[in-house]
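Novice: This structure is in structure tokens; I'll ask about it shortly.
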Amino acid sequence: MPALQLAGIRQLIAGTLFIVYFLWKKMPLPNREDWKWIFVLAVLNFVCSNGLSTWGVKYISSGLGCLIGAIYPLWLVMWRVWGERQVPPRLSIVGLIMGFLGISIIFYDYLGDLFKPDFRFGIFLSLISTWTWTAGTIITRDKAKSFNPYVSLGYQMLLLRYYCWQCLVLIPDLSRSMKYQVYR
């Protein structure tokens, strides 16, 4: 099954469960302004981040995918330092370094995969997915004051399912190319 189709099915089920739960709890529906941000977050968090990381792992080893995914907190800290001019506490930096080193030790055997030419496309997709995840996290932090981010997740997942399906229908070559693993 193509990676984006699998991600779409998974998010359709999860999004439906989220929405049903929050409707049962009588949570208010998002207003018109909220829908704009829900759409942006769906594209960043689910279509780009989840979709691209799922697609990227088709072209790289899963261990390398874990290592690249572990870079995500580093992008958040870098955004705070350079984008917002805020220096994180020293213990946060120590924790970030220790966490990344721990993951690097666990997946040490996959560090060499970074230099395999056959993996370039998968590395590229995986890196973009971490950048979009970072952007989605920052926007959620800034915009979640006006809506419940957990209710928003359900709607984002349902929107993801629609866009993943559109990618497969509108770009048939993309669908066919994702059926086969390329790495050796």
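The values are calculated or read from the model by the stated rules, or taken from the named source; none is laboratory data. Every value quoted in this text rests on a predicted model; they were computed, and no experiment measured them. Please note: Cβ atoms are built from the backbone with ideal geometry, for glycine as well, and neighbour counts cover all protein chains shown. Ligands, DNA and RNA are excluded from the accessible area calculation, which covers all protein heavy atoms including side chains. Shrake-Rupley method; radii C 1.70, N 1.55, O 1.52, S 1.80 Å.
Novice: Could you give every pair whose Cβ atoms fall below 8 Å, whose first residue belongs to region 16-33 and is under 12 Å from residue 150 (Cα atoms), and whose second residue is in a loop (DSSP other than H, G, I, E, B) and among the aromatic types (Phe, Trp, Tyr), counting only separations of at least 6 or pairs across chains?
Specialist: Between residues of region 16-33 that are under 12 Å from residue 150 (Cα atoms) and residues that are in a loop (DSSP other than H, G, I, E, B) and among the aromatic types (Phe, Trp, Tyr), the close pairs are 30/147.
Novice: Right, something else. Could you list, in sequence order, all residues of region 109-140 that are over 19 Å from residue 73 (Cβ atoms) and loosely packed, with under 14 Cβ neighbours inside 10 Å?
Specialist: To start, the set of residues in region 109-140 that are over 19 Å from residue 73 (Cβ atoms) comprises 109, 112-113, 115-122, 124-125.
Across region 109-140, the qualifying residues are 109, 112, 115, 117, 118, 120.
Novice: Being open to solvent by less than 40 Å² (accessible area, probe 1.4 Å) and over 18 Å from residue 55 (Cβ atoms) narrows it down to one of 150, 155, so name that one.
Specialist: 155
Novice: Return the residues of region 116-158 that are in contact (Cβ under 8 Å) with a residue 60 or more places away in the chain, not hydroxyl-bearing (Ser, Thr, Tyr) and not in a helix (DSSP H, G or I); say none if nothing qualifies. I'd like the intermediate steps shown before the answer.
Specialist: Looking only at region 116-158, we keep the residues that are in contact (Cβ under 8 Å) with a residue 60 or more places away in the chain, and these are 116, 118-119, 121-126, 128-130, 132-140, 143, 146-148, 150-158.
Going one step further and asking which of them are not hydroxyl-bearing (Ser, Thr, Tyr), we end up with 116, 118-119, 121-125, 128, 133, 135-136, 138-139, 143, 147-148, 151, 153-154, 156-158.
Listed by number, the residues that qualify are 116, 147, 148.
Table: residues versus (1) of a type in the set (Gly, Ala, Ser); (2) within 26 Å of residue 156 (Cα to Cα).
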site	(1), (2)
42	yes, yes
45	no, yes
58	no, yes
65	yes, yes
79	no, yes
90	no, no
97	no, no
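Novice: Residues in region 79-93: is at least one more than 18 Å from the chain's Cα centre (by Cα) and among the small types (Gly, Ala, Ser)?
Specialist: yes
Novice: Six or more apart or on different chains, Cβ under 9 Å: which pairs go from a residue in region 44-62 that's more than 14 Å from residue 133 (Cβ to Cβ) to one that's among the β-branched types (Val, Ile, Thr) and not in a loop (DSSP other than H, G, I, E, B)? Could you list them?
Specialist: Pairs found: 59/123; 60/68; 60/123.
Novice: Go through (1) out of contact with any Lys or Arg (no Cβ under 7 Å at 6 or more places or on another chain); (2) surrounded by fewer than 17 Cβ atoms within 10 Å (Cβ to Cβ); (3) within 21 Å of residue 130 (Cβ to Cβ); (4) modelled with pLDDT of 85 or more and name the single condition residue 13 misses.
Specialist: Failed condition: (3).
Novice: If you don't mind, another one. Give the number of residues within region 41-83 that are part of a helix (DSSP H, G or I), within 16 Å of residue 116 (Cβ to Cβ), open to solvent by less than 40 Å² (accessible area, probe 1.4 Å) and not hydrophobic (A, V, I, L, M, F, W, C).
Specialist: 3
Novice: Looking at the structure I just gave you, is residue 103 under 16 Å from the mean Cα position of the chain (by Cα) and in a helix (DSSP H, G or I)?
Specialist: Here the answer is no, as residue 103 does not meet what is asked.
Novice: On to the next question. Going by the conditions given, is residue 25 at pLDDT below 90, of a type in the set (D, E, K, R) and either surrounded by 18 or more Cβ atoms within 10 Å (Cβ to Cβ) or out of contact with any Asp or Glu (no Cβ under 8 Å at 6 or more places or on another chain) (or both)?
Specialist: no
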